[in-house]
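The structure appears below as structure tokens.
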Amino acid sequence: MMQRLVDTVLAVTKESVKTFTYEALNNIVRLINGISAILLTFLPGKATILEGIHGWELRPAFRGPRFPRWMENGVSSFNQFIHELSMDSDTDTSSLDVLSGDEDSSGYESAASSALPSPRASRASLNKHSWHQMNWIQYIMMWVLFPFKLFLGIPVHLFQLAYSRFSKPSSTPGSPRPPCSHSARRVRSLKDHVIHRATDRRRGVIEDLHLFTEICIEAIFDVVHKAAHLLLSPSEAFGTLKRLFSSHESGIKEEHDAVDVSVSTAVLGKNDPKPSERNSSFNQSMNTDARTCQDVITELGYPYEAIHVITADGYILLLERIPRRDAQKVVYLQHGVLDSSMGWVSNGVVGSPAFAAYDQGYDVFLGNLRGLVSREHVNKKISSRQYWKYSINEHGMHDVPAMIEKIHEVKTGELKLSKPDLGEETNEDQPYKLCAICHSLGGAVMIMHVITRRIEGKPHRLSRLICLSPAGFHYDSNPVFSVVEHVLLPLAPILSPIVPAFYIPTRFFRMLVNKLARDLHNLPAVGGLVQTLMGYVVGGDSSNWVGVLGLPHYNMNDMPGVSFRVALHLAQIKRARKFRLFDYGSASANMEAYGSPEPLDLGEYYGLIDIPVNLVAGQKDRVIRPSMVRRHYKLMKDAGVIVSYREFEYAHLDFTFSHHEELLSYVMACLLLVEPNTKHLATRSSLQSRKKGQVSN
């Protein structure tokens, strides 16, 4: 009688504490969201910045936050969460499919990860089973199995199997079919994958805080409940202690016997998890999204190949590929600053340039420039200061040539094997056509590559260049960039040894950024406020800056950064009003690097560009304004380059991150025009020879 009374009091108290803490946390979140909505209402220019943002709500409204994904219908999901916690990680595949569909079927590999279920699994299970719809057998089994799982380590999948056989109704010819079949789940999952961008499996900080609070409360009251039970039943307490000590002594004896019998050395076997697998398991337990470009490509059913490229100065680059080995049409996609190859596949099958090019019969290569927190280099002990000591020069004169030469090596070898007579028929050293699509800084890098390779008398391997909002000219920019220019240039000698690069240095803060991106989606007013403030920083550009944080390459393990010299190089370009190479700060240093006291002005050598160029600008782009893209166009046109210019009503990140069918159609149409104009090249031979003579002198 006393035991039942204590259990009742503890249960009521526990639920009261859980309700109070949950409501307190939720009210704090509502307050933050409400204040953000008020601030967003009074901020000027928010309509321009927020227009065109799709996929999540950014309307400034004084409203509470959306319910997290582990909570539905306004009720706590902790009881259902405990039920999922009792599910063993090595349950058979069919059981996992019943609980969570076809997502995350590999399961978690540790007890810690089991304690933090997949958000989508939680949402799917909540939609199927709410607290009010649980039958009493499931309710009892849930609480019976949980202590066995948590404290005794008994494999509860045996109990689950028995329970499933007991509770599962036998199928009869007249019985109705389940409401959702496995194939239907797969179709719905694929649809969600395509529409909502297959890049976000994280759980936000607020969702983690809710779960952590409920787990702590549950653990504390469980300890109190056990202590009260032992005090009310002393005989049972002594029996438990006796069994505990006896099992401990027997375990020590068995361990001692095992040591006496044989001593084995620990070796790394082929079945042991690789470091990447361990990181993946940890990321799943922390509910961060560390999927790579490979994960997105393979999950969507496309082939994938990774090629490691070593530059002349020892940097290890990742060249990724969606292979079509027998194709003579090849496309190389180059990202911009603070980006990676993920930007070309982040829109899924429907709106990604990489998948569109592959579907058009192209062999697709995705380049990744140097500049990751992981510091991939042949010298494993390279210091941070030495690793980040590079400018845009190294991107255009080391990174891109190394990757393009690797593409040439791979494609030439493959085509000679599959089509041995191809080289004789075409009478060419290059039996394929290589087009390049580049964005932002990638555009400047590719133009630099073409010009410098022509000056050196080496082939650049390209047949066409498509530049989406290319960098290179920046004197017409917003006031914030002008302030950065005036601060960065005079302080460069002081800041360069102190701040080698701009990036998030620790795993904790990278994880925090990764999770906060999820919270900005759950809280519309806070997300809108951050989006508006970010728009101010970049001069009113309406790109979905908050949404870009949702890309998996901004994760806790690795993240692209910006070298201080790259930022300084951009400031030099803006100050000089010319697209030129890096200025080392003195005439002697420049003379050693370039053979002249001043850096090479690439704009003066646009006549060396011997391939067609398609320039694309964004009318709403405030990072690289259309006037700066038109500057490229004018210089190329005056130099006799086959060049076209086109404007779209897009912001800076819309060229890669957003899905615009009009832009994608235009880019694919340009890819089909890969033949250079040989007549045009002949008329410019005298100009090119004259430019080469000037450089050699």
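Odds and ends about this structure:
- Gly535 being part of a helix (DSSP H, G or I) and at pLDDT below 85: yes
- Candidates Ala290, Ala266, filtered to the one that is small (Gly, Ala, Ser), part of a loop (DSSP other than H, G, I, E, B), modelled with pLDDT under 90 and touching a helix residue (DSSP H, G or I) at 6+ places or on another chain (Cβ under 9 Å): Ala290
- Taken as a whole, the condition of being more than 30 Å from Arg30 (Cα to Cα) and assigned to a helix (DSSP H, G or I) does not apply to Arg518.
- Counted as qualifying within the range 320-435 are the helices (runs of 4 or more DSSP H) with 3 or more residues that are out of contact with any strand residue (DSSP E or B) (no Cβ under 9 Å at 6 or more places or on another chain) and either among the acidic types (Asp, Glu) or surrounded by fewer than 23 Cβ atoms within 10 Å (Cβ to Cβ) (or both), namely 348-351, 400-418, 422-426.
- Look at the range 352-367: where a residue is within 20 Å of Ala402 (Cβ to Cβ) and a partner is of a type in the set (Gly, Ala, Ser) and surrounded by fewer than 24 Cβ atoms within 10 Å (Cβ to Cβ), sitting 6+ places away or on another chain with Cβ atoms under 6 Å, you get Asp363/Ala327.
- Which numbered condition Ser627 misses (of (1) buried (at least 19 other Cβ atoms within 10 Å of the Cβ); (2) modelled with pLDDT of 95 or more; (3) of a type outside the set (A, V, I, L, M)): (1)
- Which numbered condition Glu675 misses (of (1) in a loop (DSSP other than H, G, I, E, B); (2) modelled with pLDDT under 90; (3) acidic (Asp, Glu); (4) closer than 27 Å to Tyr475 by Cα): (4)
- All conditions but one from (1) touching a Leu at 6+ places or on another chain (Cβ under 6 Å); (2) surrounded by fewer than 20 Cβ atoms within 10 Å (Cβ to Cβ); (3) assigned to a strand (DSSP E or B) apply to Val616; the one that does not is (2).
- Test: residue in the range 463-476 that is assigned to a helix (DSSP H, G or I) and either within 25 Å of Val373 (Cβ to Cβ) or of a type in the set (A, V, I, L, M) (or both): no
- If only residues of the range 547-579 that are small (Gly, Ala, Ser) and not in a helix (DSSP H, G or I) are counted, the one that is modelled with the highest pLDDT is Ser563.
- Test: residue in the range 651-659 that is at pLDDT below 80, closer than 30 Å to Gly348 by Cβ, of a type outside the set (D, E, K, R) and surrounded by fewer than 20 Cβ atoms within 10 Å (Cβ to Cβ): yes
- Taking the range 1-18 as the range and being free of Cβ contacts under 8 Å to residues at least 40 places away in the same chain and either part of a helix (DSSP H, G or I) or surrounded by 15 or more Cβ atoms within 10 Å (Cβ to Cβ) (or both) as the test, the residues that pass are Arg4, Leu5, Thr8, Val9, Ala11, Val12, Glu15, Ser16.
The values are calculated or read from the model by the stated rules, or taken from the named source; none is laboratory data. A quick note: this is a predicted structure, and the numbers were derived from the prediction, not measured. All Cβ positions, even for glycine, are placed from backbone atoms using ideal geometry, and neighbour counts span all protein chains on display.
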